[in-house]
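> Structure provided below as structure tokens; questions to follow.
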Amino acid sequence: MPVIKLTKETFDSEVMSSDKPVLVDFWASWCGPCRMLSPIIDEIAEETTDAKICKVNVDEQPDLAQRYGVMSIPTLILFKNGEAVERSLGAKPKAAVLAMLKK
């Protein structure tokens with residue numbers, strides 16, 4: 001499944017109402033570590049069927065970043081049943097992102 005690009009208009013329906021776990025990558029185009037993490041997130045999205053993989057561009061969606069207290073990027077937040085259950089800061093290897101999804 002391709003990465004879902006979230007906006008404040010689609011966030012609640014895609015994330016909060018999802019019956020699957022949702023991994024959200026908060027990122028920006030000017031952020032070096034975000035650019036390192038992006039292909040990993042894209043790859044995981046293509047391989048994963050039991051979770052949704054989403055991205056929020058913090059420059060385009062500052063309200064969402066503020067809503068979840070995202071102060072530095074990249075930030076990954078795992079949501080289950082509409083609740084943020086895990087948070088990870090900085091670029092991570094694929095294995096670490098997959099381990100986060102399995103928790």
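> Could you list all residues from region 60-72 that are of a type in the set (A, V, I, L, M) and closer than 17 Å to Glu83 by Cα? Explain how you work it out, then say what you get.
Going residue by residue through region 60-72, those that are of a type in the set (A, V, I, L, M) are 64-65, 70-71.
Within region 60-72, Leu64, Ala65, Val70 meet the criteria.
> Just checking, how many residues over region 66-103 are touching a Ser or Thr at 6+ places or on another chain (Cβ under 7 Å), among the aliphatic types (A, V, I, L, M) and free of Cβ contacts under 8 Å to residues at least 24 places away in the same chain?
Residues flagged as touching a Ser or Thr at 6+ places or on another chain (Cβ under 7 Å), among the aliphatic types (A, V, I, L, M) and free of Cβ contacts under 8 Å to residues at least 24 places away in the same chain within region 66-103 amount to 1.
> Turning to a different aspect of this structure: Just the residues that are touching a Phe, Trp or Tyr at 6+ places or on another chain (Cβ under 9 Å) and either at pLDDT below 95 or not in a helix (DSSP H, G or I) (or both), please, taken from region 17-40.
Residues satisfying the conditions are Ser18, Pro21, Val22, Leu23, Val24, Phe26.
Yes/no matrix, rows are residues, columns are (1) without any contact (Cβ under 8 Å) to a residue 40 or more places away in the chain; (2) within 18 Å of Val85 (Cβ to Cβ):
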site	(1), (2)
Lys8	no, no
Trp27	no, no
Ile53	no, yes
Val58	yes, no
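> Against the condition within 19 Å of Ser18 (Cα to Cα) and modelled with pLDDT under 95, how does Lys102 come out, does it pass? Write out each step before concluding.
Working: within 19 Å of Ser18 (Cα to Cα): yes; modelled with pLDDT under 95: yes.
Judged against the criteria, Lys102 is a match.
> Please determine, by comparing only the residues of region 63-103 that are hydroxyl-bearing (Ser, Thr, Tyr) and in a strand (DSSP E or B), which one is surrounded by the fewest Cβ atoms within 10 Å (Cβ to Cβ). Talk me through it step by step, then tell me what you get.
Just the residues of region 63-103 that are hydroxyl-bearing (Ser, Thr, Tyr), to begin with: 68, 72, 75, 88.
Checking which are in a strand (DSSP E or B) leaves us with 75, 88.
On the way: Thr75: 21, Ser88: 18.
Per the criteria, the residue is Ser88.
> So Asp63 fits all but one of (1) on the phi > 0 side of the Ramachandran plot; (2) in contact (Cβ under 8 Å) with a residue 12 or more places away in the chain; (3) of a type outside the set (Val, Ile, Thr); what number is the exception?
(1)
> Which of the residues spanning region 1-36 are open to solvent by less than 30 Å² (accessible area, probe 1.4 Å) and in contact with a Leu (Cβ under 8 Å, 6 or more places away or on another chain)?
Within region 1-36, Leu6, Phe11, Val15, Val22, Leu23, Val24, Asp25, Phe26 meet the criteria.
> Within region 41-62, can you find the residues that are part of a helix (DSSP H, G or I) and open to solvent by 10 Å² or more (accessible area, probe 1.4 Å)? Outline the logic, then answer.
Going residue by residue through region 41-62, those that are part of a helix (DSSP H, G or I) are 41-47, 62.
Passing the criteria: Asp42, Glu43, Glu46, Glu47, Pro62.
The values are calculated or read from the model by the stated rules, or taken from the named source; none is laboratory data. This one's a predicted model, so the numbers in the text were calculated from it and none came from an experiment. We place every Cβ from the backbone using ideal geometry, glycine too, and count neighbours over all the protein chains shown. We work out accessible area using only protein heavy atoms, side chains counted, and drop any ligands, DNA or RNA first. Shrake-Rupley method; radii C 1.70, N 1.55, O 1.52, S 1.80 Å.
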